[in-house]
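Written below as structure tokens is the structure these notes are about.
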Amino acid sequence: MVRTRRTPARSRPTALAAALTCVVALFTAGCTGDDNDGFRPGAADAGDPYVPGHGNGGYDVTHYGLDVRYDPSTDRLTGRAVITATATQDLSRFNLDLVGLDVGTVRVGDAAADHGRADAELVVTPRDGLPRGRQFTVTVDYAGVPTAVEDGSLGSGGFLHTADGAVALGQPDSAATWFPVNDHPSDKATYDLAVTVPDGLAALSNGVPGPKSSAAGWTTWRWSERAPMASYLSTLVIGDYRVVTGTHAGRPMVTAVAASLPATGAAATSLARTGEIVDFLASRFGPYPFDSYGGIVIADDRVGYALETQSRPVYGPAFFADDRPNPGVVAHELAHQWFGDSVSLARWGDIWLNEGFASYAEWLWEEHDGGRTAQRNFELQYAKTDWSQPSVEPGRELMFGTAVYQRGALAVHALRRTVGDDTFFRILRTWTAERAAGNATTADLVALAERVAGRQLRPLFDAWLVGGSAPTLP
Ligand SMILES: [Zn+2]
């Protein structure tokens, strides 16, 4: 993510967080005493303090099959989610995250399941317990007017009703505003989406486009993301767009610019460099990890950020204000396809692993594109860094703060200066290859860097990421 607004982050209301924790506690194993032959409820929370209440335990999702219909004239969404998962414990009951929306029927396999709601949780009790290791499907029929997620520092996310349609995106949370989901990046899954909208509107999402079909004034667009995806990287963009469909390196390339923006303006020309930029990044980071490419520029200025939605980043309009080209933001979001999307966080406290590398990619791109060298950007940033703020475990309020982005990038360049270019790029390519399609932590990166470099690097990472004073220049 890159944000355009520099207002200080605002913490979530404490009362809301406390209330959510209480609700969650009601549904935590041991609270309700309904153990039955060792079967017990899955946790109602992934245990990540940055996102209390988000994610769930007791199962692992492998696939979401989503079929949604959205009518902009009423702002109403109707959906069916078919979720394929595997029980990771003997499971009597489990939760999905779902914000608002009314749930009709829920089935586990072919059998109707009891279900209830508790704030942003959908609690599903299958007729029979699910033994550990059992693969199962959950089918949820739901409908309603989806809701936005407001964040003081980022602007709006979640599901936003726009002038001509809707946009669903946001970090760290957005997915649960339009489908039931295990909403934490630690549980990645593949996706198939069919989205039905009035004829004449585009409906864009992640991955490879499938066949479109029309009936009775409605068009169904189909998308398939075959590489595991964290839920916050899913997106849905509906509206009046100029959609360009082609191929790049033998894979589908789909870009779209809101029709209300100039056809040959900065947004369109910056987005048109997607293939060139992705090829440059692949020459540094290793093969591009997904089977499609693209990007979407929206016109709704409530979205004050760009987000690395998988295979097809979404850019807010402010990045191209005054019709200035901005390939830097494209380089940032495309770098996330390796750092964040393919190799994903296990916990939000490690978000520098996403943003430090994506910010560093901006420096690499700028040098490649004839601007400042990475070394010069490093020197300038070093001189103005506040070393009291840590990159790792920045706290929820500073999750998108300067230490995560710029101090993270400094740490990456310090590693490069210390081990030399050959070893540095070998570390990056080994990381993106070995951890592709998975999750990782800061400790995993340090261990891998030490293995590839054949030397101790923990003190270097500690000094550059979390030390309280300016580290010695390497
Ligand atoms: Zn970013």
In Hz, Karplus ³J(HN,Hα) per residue of the stretch 348-356 (6.51, -1.76, 1.60; θ = phi - 60°; x = Gly, Pro)
5, x, 9, 4, 4, 4, 7, 7, x
Below 8 Å between Cα atoms, with a sequence gap of 6+, how large is the relative contact order for the stretch 197-271 in percent?
26 percent
For L91, distant residues with modelled amide H under 5 Å away:
R40, L130, R132
Per-residue ³J(HN,Hα) for the stretch 467-474, Karplus 6.51 cos²θ - 1.76 cosθ + 1.60, θ = phi - 60°, Hz, x for Gly and Pro:
x, x, 9, 4, x, 5, 5, x
Would you compute, from DSSP H runs of 4+ residues alone, the mean residue ellipticity of the chain at 222 nm, taking -39500 (n - 2.57) per run and dividing by the full residue count, rounded to the nearest 500?
-7500 deg cm²/dmol
Per residue solvent-accessible surface (Å²) - the stretch 401-474, probe of 1.4 Å:
42 Å²
Over the stretch 234-301, with the other protein chains present, what is the accessible area per residue in square angstrom, probe 1.4 angstrom?
36 Å²
Accessible area, probe 1.4 Å, largest first, for residues L98, L201, L473
L473, L201, L98
Take each of the peptides 450-458, 101-109, average the number of other beta-carbon atoms within 10 Å over its residues, and list them starting from the highest.
101-109, 450-458
Rounded to whole Hz and in sequence order, give me ³J(HN,Hα) for the stretch 129-136 from the Karplus expression 6.51 cos²θ - 1.76 cosθ + 1.60, θ = phi - 60°, writing x for Gly and Pro.
x, 9, x, 3, x, 6, 7, 8
Among 359-372, 184-197, 329-342, 247-260, how do they line up by average Cβ neighbours within 10 Å per residue, starting with the highest?
329-342, 184-197, 359-372, 247-260
With every protein chain in place, the stretch 352-474: carbon and sulfur % of accessible area (1.4 Å):
47 percent
Sequence ranges 171-179, 89-97, ranked by mean other-Cβ count within 10 angstrom, highest first
171-179, 89-97
Shape verdict for the stretch 195-305, please, from the Cα gyration tensor: rounded (a/c under 1.5), prolate (a/b greater than b/c) or oblate.
oblate
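Rounded to a whole number, what % of the accessible area of the stretch 205-273 do carbon and sulfur atoms account for, probe 1.4 Å?
Carbon plus sulfur share of accessible area: 58 percent.
The values are calculated or read from the model by the stated rules, or taken from the named source; none is laboratory data. Worth saying up front: this structure is predicted, and the values here are computed from it rather than measured. All Cβ positions, even for glycine, are placed from backbone atoms using ideal geometry, and neighbour counts span all protein chains on display. Areas reflect the complete protein model, heavy atoms only, side chains present, ligands, DNA and RNA absent. Shrake-Rupley method; radii C 1.70, N 1.55, O 1.52, S 1.80 Å.
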